[in-house]
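The values are calculated or read from the model by the stated rules, or taken from the named source; none is laboratory data. For clarity, every value in this text was computed on a predicted model and none was experimentally measured. So basically every Cβ, Gly included, is an ideal-geometry build from the backbone, and we count neighbours across all protein chains shown.
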Amino acid sequence: MTRRELALSAVGIFLVALVVRIVFAAQIVFPKPEDTAYYVGVARNLLEGRGLVSDALWSYSTPPLVFPRPAFEVWLPLPTFLAAIPMAILGTTFAASQVSSVLIGSLVPVLAWRLGMDVAAERGLSTERTRAIALGTGLTTAVYLPLVLNSALPDSTMLFGVIALGACLLMTRVARDPRGARLTDPRLLALGVLLGLGALTRNETIWLALIWVVVAWRAAGTTSGERIRLIGVVAVVALVLFVPWALRDYQAFGNPLPGQALNNALYLSGYDLFAWNHPPTLTRHLSIGLDGLIQLRVTGVEHNLINVLLLLGLPVSAVGVIALPWQGRGFALRPVVALSLVMFLITSLLFPAATQWGTFLHAAAPVHVLLVMTGILGLDAVITRIGERVGWTRSASWVGALGSAIVSLMFTAVLLPSYGQGSRDTARHFEELGARMAAIGRPLDRDAGPVISNFPIWMAETQRVDSLALPDESPEDVLDLAAHFPGTTLVVVVGKASNNWPADVQSGQPGADCFTPLDLGPYGGTGQDPLAETIVYAIGCPGNAS
């Protein structure tokens, strides 16, 4: 392809991806899931002059446990910084924050297209097959449901996808010509910048860095000194970007790194995220026995493979998984394959419970791209072999590539509106909750004290109150939590909050008599009451003035 054709292809894919993302992002009106609300809420607080803080205490593992809470004890700040840019111009709304995620998400298909070009060139495919594979990969990822959906949500998912794919493309380019890499080589500087930005986006960037060390050390025809230079230049640039944030974390939390992340490996369920008096421990983790430990990891593998990778991308994702062992080979794909396998195995086996609450999900963008590519490569190989057998005179690779894009677009068009409806339902729920609480004389505002809830981030961001995560612990433990934060008089339970809530109160467990359900009054609208499965408890123990 000529340079003009390359430029037109890249711009065309970007525009297709941008239009699709704008259309579908308009349907998502509420930051769902909660981590998206966290990034957006911190960006709003920053623009309001409050600094990098959150009004939600959603984890009690990292001190200080104060309001307002210093932000990002586990997650990282770059998605918030990027969301804050359009919010500063267009207003501190969720719709404004989506501008950054839509633009960032539109870059992923362009990088996927470029990766497809590299793979086809490495395999020496014909011009027709190269165009089909590259354009097919770009256009399919432009309309692929998991990538479109996460492009509407300003969190770390698509940003990490751009950083990871960009870094992998640079790694192979430097490794093919390592002797041309000087200290000021723009490829090394760019790779260092990407790894530094990645370190401000997701903790999985550590695997990208280690993959680069391996790739650089195995670069053909290099001396030990040249390998050290390749690694060192990238490391220095990355550290220059990351160290200021590490110093901030040390000042805010007493640790330059998100040390709480390691604690996630001890979870037995996602509810351990909210633990108060009974945090996860190694002893408790091992107490479930060998069978339990194995089953927990089997569940983690099943979740990451089926729920994260397969279901939302069918049927392309299934073809990609099947074709991966045969089509995921070659140097051009090696860094992406290595990153995908490492992240999948680490999260599934070392963080089997935490990953069921999103650990792998939010790092999976490069894996989705890999599966789309191996799926299209697999279809191309099958169609080419059929053509050779029946004597076709022209390549039919476009059939698999175009079919993948069309099927993915149809799947996205059918399923994404339901997610949009879910976002509207959640927004309606919290609007109704605020209105009904005000109507019964118990308004949700910061002056009334912190609120305990199983959705603490949504509570904090919609009601602008200090919010505490409801632990999956007994009523007595929740009373202890409330006592540590004076003024806490309400517990809001949405649906089946956990194994203990609201079951323990309803069954009369010790301390249950201190939780009195409030009458939220009648629903004045039409249709089903948004608060039909919501219980608000007032905290007040018999015999106490409170």
Quiz prompt | Members of the range 39-70 that are touching a helix residue (DSSP H, G or I) at 6+ places or on another chain (Cβ under 9 Å), surrounded by fewer than 23 Cβ atoms within 10 Å (Cβ to Cβ) and of a type in the set (A, V, I, L, M) | solution = Leu46, Leu47, Leu52, Val53, Leu65
Quiz item: Which condition does Gly511 not pass, out of (1) under 35 Å from the mean Cα position of the chain (by Cα); (2) farther than 27 Å from Lys32 by Cβ; (3) not aliphatic (A, V, I, L, M), if it passes all the others?
Solution: (1)
Quiz item: If a residue has to be under 25 Å from Gly449 (Cβ atoms), out of contact with any Phe, Trp or Tyr (no Cβ under 8 Å at 6 or more places or on another chain) and surrounded by 10 or more Cβ atoms within 10 Å (Cβ to Cβ) to count, how many in the range 511-545 make the cut?
Solution: 12
Quiz item: What pairs can you find where one residue is in the range 351-377 and free of Cβ contacts under 8 Å to residues at least 40 places away in the same chain and more than 20 Å from Ala401 (Cα to Cα), the other is among the aliphatic types (A, V, I, L, M) and in a helix (DSSP H, G or I), and their Cβ atoms are less than 6 Å apart, with a gap of 6+ or different chains?
Solution: none
Self-check item: Residue among Gly543, Gly525 that alone is closer than 20 Å to Phe30 by Cβ and at pLDDT below 90
Solution: Gly525
Quiz item: Which of the residues belonging to the range 290-300 are more than 21 Å from the chain's Cα centre (by Cα) and small (Gly, Ala, Ser)?
Solution: Gly292
Exercise. Report whether or not Phe242 is touching a helix residue (DSSP H, G or I) at 6+ places or on another chain (Cβ under 8 Å), crowded, with 17+ Cβ neighbours inside 10 Å, hydrophobic (A, V, I, L, M, F, W, C) and touching a residue at least 24 places away in the same chain (Cβ under 8 Å).
Key: yes
Practice problem: State all residues of the range 326-344 that are in a helix (DSSP H, G or I) and modelled with pLDDT of 95 or more; if no residue qualifies, say none. | Solution: Arg334, Pro335, Val336, Val337, Ala338, Leu339, Ser340, Leu341, Val342, Met343, Phe344
Self-check item: Every residue from the range 61-80 that is touching a residue at least 40 places away in the same chain (Cβ under 8 Å) and of a type in the set (A, V, I, L, M, F, W, C)
Solution: Leu65, Phe67, Phe72, Val74, Trp75, Leu76, Leu78
Practice problem: Go through the range 245-256 and give me each residue that's in a loop (DSSP other than H, G, I, E, B) and surrounded by fewer than 15 Cβ atoms within 10 Å (Cβ to Cβ). | Solution: Gly254, Asn255
Exercise. Among residues belonging to the range 130-165 that are among the hydrophobic types (A, V, I, L, M, F, W, C) and over 22 Å from Gln98 (Cα atoms), point out the one that is surrounded by the fewest Cβ atoms within 10 Å (Cβ to Cβ).
Key: Leu135
Practice problem: For Ala364, indicate whether it is under 18 Å from the mean Cα position of the chain (by Cα), of a type outside the set (S, T, N, Q), within 21 Å of Val162 (Cβ to Cβ) and surrounded by 21 or more Cβ atoms within 10 Å (Cβ to Cβ). | Solution: yes
Quiz item: For the range 282-294, does any single residue satisfy the condition of being at pLDDT 90 or above and either touching a Pro at 6+ places or on another chain (Cβ under 7 Å) or in a loop (DSSP other than H, G, I, E, B) (or both)?
Solution: yes
Quiz item: Applying the selection to the range 60-69, what residues are closer than 19 Å to Thr462 by Cα and not hydrophobic (A, V, I, L, M, F, W, C)?
Solution: Pro68, Arg69
Quiz prompt | Residue that is nearest to the chain's Cα centre (by Cα), among those in the range 514-546 that are part of a loop (DSSP other than H, G, I, E, B) and among the aliphatic types (A, V, I, L, M) | solution = Leu531
Quiz item: If you check Gly225, Gly138, Gly180, Gly192, which single one turns out to be modelled with pLDDT of 95 or more, of a type in the set (Gly, Ala, Ser) and within 23 Å of Ala238 (Cα to Cα)?
Solution: Gly192
Quiz item: How many residues are within 13 Å of Arg446 (Cα to Cα) and β-branched (Val, Ile, Thr) when one looks only at the range 474-490?
Solution: 2
Quiz item: Applying the selection to the range 245-262, what residues are in contact with a Ser or Thr (Cβ under 7 Å, 6 or more places away or on another chain) and modelled with pLDDT under 85?
Solution: Gln260
Quiz item: How many residues are part of a helix (DSSP H, G or I), among the polar types (S, T, N, Q) and out of contact with any Phe, Trp or Tyr (no Cβ under 9 Å at 6 or more places or on another chain) when one looks only at the range 8-62?
Solution: 1
Self-check item: Test: residue in the range 301-324 that is among the hydroxyl-bearing types (Ser, Thr, Tyr) and either part of a loop (DSSP other than H, G, I, E, B) or over 22 Å from the mean Cα position of the chain (by Cα) (or both)
Solution: no
Quiz item: Quick one: how many residues across the range 165-196 are over 21 Å from Leu115 (Cα atoms) and either among the hydroxyl-bearing types (Ser, Thr, Tyr) or part of a helix (DSSP H, G or I) (or both)?
Solution: 4
Exercise. Could you list all residues from the range 495-510 that are farther than 17 Å from Leu273 by Cα and either surrounded by fewer than 17 Cβ atoms within 10 Å (Cβ to Cβ) or of a type in the set (A, V, I, L, M) (or both)?
Key: Gly495, Ala503, Val505, Gln506, Ser507, Gly508, Gln509, Pro510
Quiz item: Out of the range 156-211, which residues are in contact with a Pro (Cβ under 6 Å, 6 or more places away or on another chain) and more than 26 Å from Val40 (Cβ to Cβ)?
Solution: Cys168, Met171, Ile211
